[in-house]
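Let me begin by presenting the structure, written as structure tokens, before commenting on it.
The values are calculated or read from the model by the stated rules, or taken from the named source; none is laboratory data. Source: prediction; values computed, not measured. Here the Cβ positions follow ideal geometry from the backbone for every residue, glycine too, while neighbour counts run over all protein chains shown.
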Amino acid sequence: MAYETLKEEVINYGKQIGIDKIGFASVDEFTELKSRLKLQQESGFKSGFEKGTIEERTEPTRLMPEAQSIIAIALAYPTKLKDAPKSVKGDRRGNFCRASWGKDYHHLLRDKLEKLGEFIKHKVNGFTYKPMVDTGELSDRAVAERAGIGFSGKNCAIITPEFGSYVYLGEMITNIPFPPDSPVDDGCGECTKCIDSCPTGALVEGGRLNAQKCIAFLTQTKGFLPDEYREKIGNQLYGFDTCQVVCPKNKGKDFHHHPEMEPEPELVKPRLVPLLSMSNREFKEKFGDMAGSWRGKKPIQRNAIIGLAHYKEVSAIGELVRVMNEDPRPVIRGTAAWAIGKISTKDGFEEIKKAMVKESDPEVLVEMEKGLAFQSIHV
């Protein structure tokens, strides 16, 4: 079979199953990416969530020796939330980023890739493939860029001409020598809006990210959030969108092609206080289908506490005191103590002092001291 003809059939089938954009790339070594990854490693900018060695991440044939091409796919996701609930005094809400709206995109893209794989299997004897979405060794962005899905923006996202950067990416390595597509000839030009708008300076330069400073990454960590980022995180429970929202290429982009991606307002902007008493089972039942639940409830609850401190939500003091006194996890107890101090009520400070008498964890005691330090500011 002529591979050009097969390629057209794959593209047409992709459209039938709801793939918004599809591209084809060679399996040549990603040499530029390899040097960037080495620099990231040397600079201490990695997130720690990366899979595989630098060689595995840049040499497709290490992952599949018979590899001859890569198929890249993109699915556009919605950006506008209808009937968004308001976060108001006495009823504060948190925020999940757009990439966590609807069903977990990892499952959606894997399903599309598996369907694509089965389609090609019926066409070609001996067809083999290796699909991956986000958690695989290959860089989804590097593959998508090479496959002509879009260009790599200064905000470290793939920006497509049609959908902006609001796309989920996935790919499959194949043993078929599909003719490769050409990269998109576009770029950010002189625009630096994403870099200028990054609240923590995580975008150290165009296309280069210090993941350790990125709010999207910080919301997913499980330990105490470093002091310098607590105010900057605001009411974010998971992820961060500003570097995409300010991008001129994203202006007016809002696509509702996939019913599974439609957000439920009460899930993507949940009340903060009820999150603090949620059991593991309740959390899984409510948020388990979302991409933002992958790290479990602990980071979400810690971020919810920080959100209440951000709002200085006095009505939450009672629940925060309960958490400070009763929660078995030091990170949650300590963050609650800090938040009580940040909200700064007389009763709150007294509760921290009482809790200190029975607290034995040194890290929690440090957070309690931080909480009491707000007293001198609000005397």
Are there any pairs with C-beta distances below 8 angstrom linking a residue in the stretch 205-223 that is without any contact (Cβ under 8 Å) to a residue 40 or more places away in the chain to a residue that is polar (S, T, N, Q) and buried (at least 20 other Cβ atoms within 10 Å of the Cβ), with the two at least 6 apart or on different chains, and if so which? 215/236
If you check every pair at least six apart or on different chains, which have Cβ atoms under 9 Å apart with a residue in the stretch 1-16 that is more than 10 Å from residue 123 (Cβ to Cβ) and in contact (Cβ under 8 Å) with a residue 12 or more places away in the chain first and a residue that is small (Gly, Ala, Ser) and surrounded by 11 or more Cβ atoms within 10 Å (Cβ to Cβ) second? 3/69
Those residues that are basic (Lys, Arg) and either under 14 Å from residue 139 (Cα atoms) or exposed (fewer than 15 other Cβ atoms within 10 Å of the Cβ) (or both), I need them from the stretch 1-17; list them, please. 15
Of all the residues that make up the stretch 1-60, how many are hydroxyl-bearing (Ser, Thr, Tyr), in contact with a Pro (Cβ under 8 Å, 6 or more places away or on another chain) and farther than 19 Å from residue 150 by Cα? 1
Pull up the stretch 91-145, narrow it to residues that are part of a loop (DSSP other than H, G, I, E, B) and hydroxyl-bearing (Ser, Thr, Tyr), then point me to the one that is surrounded by the most Cβ atoms within 10 Å (Cβ to Cβ). 139
Could you grab me the full set of residues in the stretch 283-292 that are in contact with a helix residue (DSSP H, G or I) (Cβ under 6 Å, 6 or more places away or on another chain) and touching a residue at least 40 places away in the same chain (Cβ under 8 Å)? 290, 291, 292
Restricting attention to the stretch 164-188, which residues are surrounded by fewer than 17 Cβ atoms within 10 Å (Cβ to Cβ) and touching a Ser or Thr at 6+ places or on another chain (Cβ under 8 Å)? 177
Scan the stretch 18-28 and give yes if some residue there is crowded, with 20+ Cβ neighbours inside 10 Å, at pLDDT 95 or above and of a type in the set (Lys, Arg), otherwise no. yes
For the stretch 77-85, state whether one or more residues are at pLDDT below 95 and charged (D, E, K, R). yes
Could you pull out every one of the helices (runs of 4 or more DSSP H) wholly within the stretch 221-271 that has 2 or more residues that are of a type in the set (Asp, Glu) and in the same structural domain as residue 199 (by TED's automatic domain parsing)? 227-233
When you go through 303, 325 one by one, which is the residue that is surrounded by 20 or more Cβ atoms within 10 Å (Cβ to Cβ) and assigned to a helix (DSSP H, G or I)? 303
With respect to residue 110, is the statement that it is over 24 Å from residue 300 (Cα atoms) and touching a residue at least 60 places away in the same chain (Cβ under 8 Å) true? yes
So residue 90 ticks every box in (1) in contact with a His (Cβ under 9 Å, 6 or more places away or on another chain); (2) of a type outside the set (S, T, N, Q); (3) not assigned by TED's automatic domain parsing to the domain that holds residue 145 but one. Which box is left unticked? (1)
Matching residues, the stretch 242-280, being buried (at least 19 other Cβ atoms within 10 Å of the Cβ), out of contact with any Phe, Trp or Tyr (no Cβ under 6 Å at 6 or more places or on another chain) and not hydrophobic (A, V, I, L, M, F, W, C): 244, 249, 250, 258, 269, 270
What do you reckon, is residue 160 hydroxyl-bearing (Ser, Thr, Tyr) and touching a Gly at 6+ places or on another chain (Cβ under 6 Å)? yes
Return the residue satisfying two criteria in turn: it lies in the stretch 242-274 and is of a type in the set (A, V, I, L, M, F, W, C) and farther than 21 Å from residue 301 by Cβ, and of such residues it is farthest from the chain's Cα centre (by Cα). 255
